[in-house]
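Colleague: Got a structure for you, questions after.
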Amino acid sequence: MKDSSLWEQIKGHDKTVNLLRGVIDKKRLTHAYLFCGPRGVGKAKTAATFAAAINCDQACGTCVSCRGIQNLTHPDFHYISPEGTQTILLSQVTDLIKKIHLTKQNNGYRVIIIDDAHKMLPVAANALLKVLEEPPERVVFILVASDMNNVLSTISSRCQRVNFSALKVEVVRDILINDLKISKDKADLAVMLSGGMVGEAMEIASSGLLKVRKTMVDAIVAEKPDTARSVELASLLVAAAKKRTAKIKKDQEIEVKEAMSFVEGSRGAATIKRNLETRHHRERARVEHRCYQQALVLVASIYRDLLVLKENADEKFIANVDLSFELKSAKIERAQLTSALANIDEAKQRIEQNVNPLLAFENLFFTLEAVV
Amino acid sequence: MLITLDQGSFLSALQAAQRASSTQSTLPILSGIKIQAEKDGDLEIYGTDLEISVKSKCPARVEKPGSTVLPGRLLVDIVKHMPPGAIEIKTEEKANNIEIKSEKSSFKIKGMQPEDFPAFPDVEAKQKITVDVRQLTDMLKGTAKAISKDETRPVLTGALLQEEDKSLLMVATDSYRLAVKTVPMRTKKTENTSLLIPQRAIEEIQKLLINESGKIDITSDENLMAIKTANIELISRLIEGQFPKYKQLVPKETTTSAEVNKDELIAAVKRVALMAQKNMSIKVSTDSSSINIVATTQGVGEASERVKAKITGEKMGEIAFNAQFLIDGLQAISEEKALFEFTGPVNPGLIKSIKKKDYLYLLMPIRIS
């Protein structure tokens, strides 16, 4: 049966959904909301649904307004997300502000979603500040952020905060298996590793990183250091990331082709192509980056599991359930485990600072071996 | 859909709609053009970038009604290169494939879902301004260049169209200059409509009016404005906010006034400006019977020219202006002679039309160090 409202498709956030639906029913909209919570739990999806509901009480998903919001052609709806490698650019915000200063086309509300708002460059955030402070009438901003530390306090203080929590394990599992058709075994693992974040779980399940874990555990459990294996591990992780970007690149090439078939020969064609390619390049860099972060999360998950076992906690708290046998055979001291986790954090920072990922991983695995 | 129509009229209707469609957007559908054929009606053609929207009509024989969205640029190119005569457009029932045929050639292109195309906006005609096309064109021409390109002050990025007693005004400023064009209106209005029209729409309206004559209506509600000729309707959003109170900027009295032949002055400024290589700054002064223009660029050279003028009031020392801005103002004068007025070197200069008193151009001086 098809659901009658887009709200029905949001899973695991009943309280938040009720709050937002109440706001619509009682017509008590404020001008800015800040949706915050962990990455990949459905904030952006909720934001899009809320946006639809602002102009269509039922968020029916089928009327002109709802469809316009879904495919971004609604005249009074604007959506921006990072177009820089990791950032929302100033030009994106100024472009948005320019649009906000024109009158609306319909008599409803103008809705603006800023996805990954924590990735706004400070200059961009400051540019936004002024409209956020004195917004034109009937404008609703929805900022979506998963890292509150990086949202300027001047921005967050001007928004009503709506908190999202991590999803329950069962909910994530249900979404992965039923909505995304991922096999049960894979789903179970991905759920445990993702910590209740659907987006993360989805990516982990399809990343090919899961296969690398066995080698990793072997390396960690092994009593003798093996430089060759460390080098291999590092290259495996990098290869997994490259494979993912290669796949994206193919889709992007198709997009460029389609876009060009539309504008070929027109005045701005070359500019459009260039802009599109720059955006694609950044997108690839972004995905690659995320892939490395996920790999590190996986590495950390193994050490975390070992710690759990060390503390004689219940086995059900282990993330890498399929490898519990190997994990149990490990003979590593607690102090070693915690220092290993610290090393992983350090590698995470290095990669954020754009250190060559292959070198960063090799370095990490060497130090990890040395620790044990 | 199955329709037959004439190449020439189809092309001009398409070009009108295509101007509104977007070349910058990353949304492919916005670079498309929607065509819609109703039973017993004209073919309707739509283009939009969500800021402005254009609907144009073209007579057609509709055998089977229907609608589709086609790549804008490509469609225009195809129709442009077809020989004059009849064109047939046919869509296949299932796939959104469109066939465009003339007598000899045949094209098959892929279309997009018409349901995904943004709906054409509705303008409730709450206010209506009726104006002569030629007068409107003059207003647009006289003020368009003064529109600001600086997006940090959005209210200046358009022109203000305003009814006032028995006249209609158009005003634009970029804070370096201000242009006001006035046309008389026969009827006195009770409500004074005031529209802040974005620069993009100003440009498009100018193009729209090129081949028009007679009277034209501009209708508007709180959000949108619409202008409609026999075959083309253009709808634009407006700029939100309050246009600055410009009247208090215009000096009531000036100390020096020069009546000068407009074309002579333009030609002289253009010549002298060749030597103003740094910031287009030229110096203007008056003596008893002429305006003197001087431009100097250090290390390059200098130029000067005298232009005969009828001077009244005090003798004017040196005042510097941006040459291009000065030319822009002078060119908007439709009469042979223009009035060029000053009050000292740090106050704005004024350019006015003499006979009709329908144009005013205020120009800020450049500080001479």
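Colleague: Quick check on my filter: what residues within the range B:253-272 are assigned to a helix (DSSP H, G or I) and within 19 Å of B:Ser288 (Cα to Cα)? It would help to see each step written out before you state the result.
Modeller: Our first condition is that a residue be assigned to a helix (DSSP H, G or I); within the range B:253-272, this holds for B:262-272.
Hits for the range B:253-272 are B:Lys262, B:Glu264, B:Leu265, B:Ala268.
Colleague: Step by step: first the residues of the range B:122-139, then only those that are among the acidic types (Asp, Glu) and surrounded by fewer than 17 Cβ atoms within 10 Å (Cβ to Cβ), then the one that is nearest to B:Phe10 (Cα to Cα). Which residue is that?
Modeller: B:Asp122
Colleague: If you take the residues in the range A:129-165 that are among the aliphatic types (A, V, I, L, M), more than 18 Å from A:Asp116 (Cβ to Cβ) and at pLDDT 90 or above, which one is farthest from the chain's Cα centre (by Cα)?
Modeller: Once the filter is applied, the top-ranked residue is A:Val139.
Colleague: Return yes or no: is A:Glu253 open to solvent by 70 Å² or more (accessible area, probe 1.4 Å) and either farther than 30 Å from B:Arg73 by Cα or part of a helix (DSSP H, G or I) (or both)?
Modeller: Yes; evaluated as a whole, the condition is true for this residue.
Conditions (1) part of a strand (DSSP E or B); (2) within 14 Å of chain A (Cβ to nearest Cβ); (3) more than 16 Å from A:Thr103 (Cβ to Cβ), marked per residue:
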residue	(1), (2), (3)
B:Gly142	no, no, yes
B:Lys149	no, yes, yes
B:Leu178	yes, no, yes
B:Arg186	no, no, yes
B:Glu191	no, no, yes
B:Ile197	yes, yes, no
B:Glu204	no, no, yes
B:Leu208	no, no, yes
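Colleague: Tell me which of these B:Lys145 doesn't satisfy, since it passes every other one: (1) within 22 Å of B:Phe325 (Cα to Cα); (2) open to solvent by less than 60 Å² (accessible area, probe 1.4 Å); (3) not aliphatic (A, V, I, L, M).
Modeller: (2)
Colleague: Could you list, in sequence order, the residues of the range B:96-121 that are in contact with a Pro (Cβ under 9 Å, 6 or more places away or on another chain) and either touching a residue at least 12 places away in the same chain (Cβ under 8 Å) or surrounded by fewer than 16 Cβ atoms within 10 Å (Cβ to Cβ) (or both)?
Modeller: Once the filter is applied, which keeps residues that are in contact with a Pro (Cβ under 9 Å, 6 or more places away or on another chain) and either touching a residue at least 12 places away in the same chain (Cβ under 8 Å) or surrounded by fewer than 16 Cβ atoms within 10 Å (Cβ to Cβ) (or both), the range B:96-121 yields B:Asn96, B:Ser102, B:Glu103, B:Lys104, B:Ser105, B:Ile109, B:Lys110, B:Gly111, B:Met112, B:Pro118, B:Pro121.
Colleague: When you scan the range A:1-22, how many residues do you find that are under 21 Å from A:Arg138 (Cβ atoms) and buried (at least 19 other Cβ atoms within 10 Å of the Cβ)?
Modeller: Residues meeting the conditions: 1.
Colleague: Now for a different question. Can you confirm whether B:Glu93 is farther than 30 Å from B:Leu50 by Cβ, without any contact (Cβ under 8 Å) to a residue 12 or more places away in the chain and either open to solvent by 80 Å² or more (accessible area, probe 1.4 Å) or in contact with a Lys or Arg (Cβ under 6 Å, 6 or more places away or on another chain) (or both)?
Modeller: yes
Colleague: Would you list the helices (runs of 4 or more DSSP H) that sit entirely within the range A:79-171 and hold 1 or more residues that are in contact with a strand residue (DSSP E or B) (Cβ under 7 Å, 6 or more places away or on another chain) and open to solvent by 70 Å² or more (accessible area, probe 1.4 Å)?
Modeller: A:90-100
Colleague: Pairs needed: first member in the range B:288-317, assigned to a strand (DSSP E or B); second member anywhere, charged (D, E, K, R) and open to solvent by less than 60 Å² (accessible area, probe 1.4 Å); C-beta distance under 7 Å; at least 6 residues apart or different chains.
Modeller: Close Cβ pairs (under 7 Å, with a partner that is charged (D, E, K, R) and open to solvent by less than 60 Å² (accessible area, probe 1.4 Å)) amount to B:Ile293/B:Glu305; B:Ala309/B:Glu259; B:Lys310/B:Glu259.
Colleague: In the range B:55-90, what count of residues is obtained for those that are touching a residue at least 60 places away in the same chain (Cβ under 8 Å) and in contact with a Phe, Trp or Tyr (Cβ under 7 Å, 6 or more places away or on another chain)?
Modeller: Result for the range B:55-90: 4.
Colleague: What is the one condition in (1) within 14 Å of chain B (Cβ to nearest Cβ); (2) touching a residue at least 40 places away in the same chain (Cβ under 8 Å); (3) of a type in the set (Gly, Ala, Ser) that A:Ala269 does not satisfy?
Modeller: Failing condition for A:Ala269: (2).
Colleague: For residues in the range B:213-233 being more than 14 Å from chain A (Cβ to nearest Cβ) and closer than 21 Å to B:Leu169 by Cβ, which is surrounded by the fewest Cβ atoms within 10 Å (Cβ to Cβ)?
Modeller: Looking at the filtered set, the residue picked out is B:Lys215.
Colleague: Is it the case that the range B:114-126 has a residue that's in a strand (DSSP E or B) and within 14 Å of chain A (Cβ to nearest Cβ)?
Modeller: Quick first cut of the range B:114-126, residues in a strand (DSSP E or B) only: none.
No.
Colleague: Pick out the one residue from B:Val54, B:Val79 that is under 22 Å from A:Ala269 (Cβ atoms) and either part of a strand (DSSP E or B) or touching a Cys at 6+ places or on another chain (Cβ under 8 Å) (or both). Don't jump to the end; show me each part of the working.
Modeller: On the way: B:Val79 fails: either part of a strand (DSSP E or B) or touching a Cys at 6+ places or on another chain (Cβ under 8 Å) (or both).
Sole residue among the options that is under 22 Å from A:Ala269 (Cβ atoms) and either part of a strand (DSSP E or B) or touching a Cys at 6+ places or on another chain (Cβ under 8 Å) (or both): B:Val54.
Colleague: Follow-up. Going through the range A:291-322 one residue at a time, which ones are of a type in the set (S, T, N, Q) and buried (at least 18 other Cβ atoms within 10 Å of the Cβ)?
Modeller: Across the range A:291-322, the qualifying residues are A:Gln294, A:Ser301, A:Asn320.
Colleague: Regarding the range A:298-314, can at least one residue be identified that is in a helix (DSSP H, G or I), hydroxyl-bearing (Ser, Thr, Tyr) and modelled with pLDDT of 80 or more?
Modeller: Yes, the conditions are met somewhere in the range A:298-314.
Colleague: Anything in the range A:323-360 that is crowded, with 16+ Cβ neighbours inside 10 Å and of a type in the set (D, E, K, R)? List them, or say none.
Modeller: Result: A:Glu326, A:Lys348, A:Arg350.
Colleague: Output the number of residues of the range B:161-187 satisfying the condition of being under 16 Å from B:Glu203 (Cβ atoms) and crowded, with 20+ Cβ neighbours inside 10 Å.
Modeller: Counting residues in the range B:161-187 that are under 16 Å from B:Glu203 (Cβ atoms) and crowded, with 20+ Cβ neighbours inside 10 Å gives 4.
Colleague: Filter the range B:332-348 down to residues that are in contact with a helix residue (DSSP H, G or I) (Cβ under 8 Å, 6 or more places away or on another chain) and closer than 21 Å to B:Ala267 by Cα and give me whichever is most open to solvent (accessible area, probe 1.4 Å).
Modeller: To start, the set of residues in the range B:332-348 that are in contact with a helix residue (DSSP H, G or I) (Cβ under 8 Å, 6 or more places away or on another chain) comprises B:332-338, B:340, B:348.
This time we only want the ones that are closer than 21 Å to B:Ala267 by Cα, so: B:332-338, B:340.
Details: B:Ala332: 22, B:Ile333: 4, B:Ser334: 75, B:Glu335: 25, B:Glu336: 126, B:Lys337: 87, B:Ala338: 1, B:Phe340: 5 Å².
This residue is B:Glu336.
Colleague: Please enumerate the residues belonging to the range B:15-49 that are within 14 Å of chain A (Cβ to nearest Cβ) and buried (at least 24 other Cβ atoms within 10 Å of the Cβ).
Modeller: Listed by number, the residues that qualify are B:Ala20, B:Ser21, B:Ser31, B:Gly32, B:Ile33, B:Lys34, B:Tyr46, B:Gly47, B:Thr48.
Colleague: Considering each residue of the range A:211-247, count those that are surrounded by 14 or more Cβ atoms within 10 Å (Cβ to Cβ) and outside any helix (DSSP H, G or I), and give that number.
Modeller: Total satisfying the criteria: 2.
Colleague: Let me ask you something else. Looking only at residues in the range A:181-210 that are in contact with a Ser or Thr (Cβ under 6 Å, 6 or more places away or on another chain) and closer than 18 Å to A:Lys45 by Cα, which one is surrounded by the most Cβ atoms within 10 Å (Cβ to Cβ)?
Modeller: If we take residues in the range A:181-210 being in contact with a Ser or Thr (Cβ under 6 Å, 6 or more places away or on another chain) and closer than 18 Å to A:Lys45 by Cα, then A:Ala201 is surrounded by the most Cβ atoms within 10 Å (Cβ to Cβ).
Colleague: Let me ask something additional. Looking only at the range B:50-78, filter to residues that are open to solvent by less than 30 Å² (accessible area, probe 1.4 Å) and out of contact with any strand residue (DSSP E or B) (no Cβ under 7 Å at 6 or more places or on another chain); which one of those is nearest to A:Gln105 (Cα to Cα)?
Modeller: Among residues in the range B:50-78 that are open to solvent by less than 30 Å² (accessible area, probe 1.4 Å) and out of contact with any strand residue (DSSP E or B) (no Cβ under 7 Å at 6 or more places or on another chain), the one nearest to A:Gln105 (Cα to Cα) is B:Leu50.
Colleague: So if I check each of A:Glu288, A:Glu283, which one is open to solvent by less than 70 Å² (accessible area, probe 1.4 Å), at pLDDT below 85 and within 18 Å of A:Ala239 (Cα to Cα)?
Modeller: A:Glu283
The values are calculated or read from the model by the stated rules, or taken from the named source; none is laboratory data. In this text, all values refer to a predicted model and were calculated from it rather than measured experimentally. As a convention, Cβ positions derive from the backbone with ideal geometry for all residues, glycine included, and neighbour counts pool all protein chains shown. The protein model used for the area step is the full one, side chains on, heavy atoms only, and it has no ligands, DNA or RNA in it. Shrake-Rupley method; radii C 1.70, N 1.55, O 1.52, S 1.80 Å.
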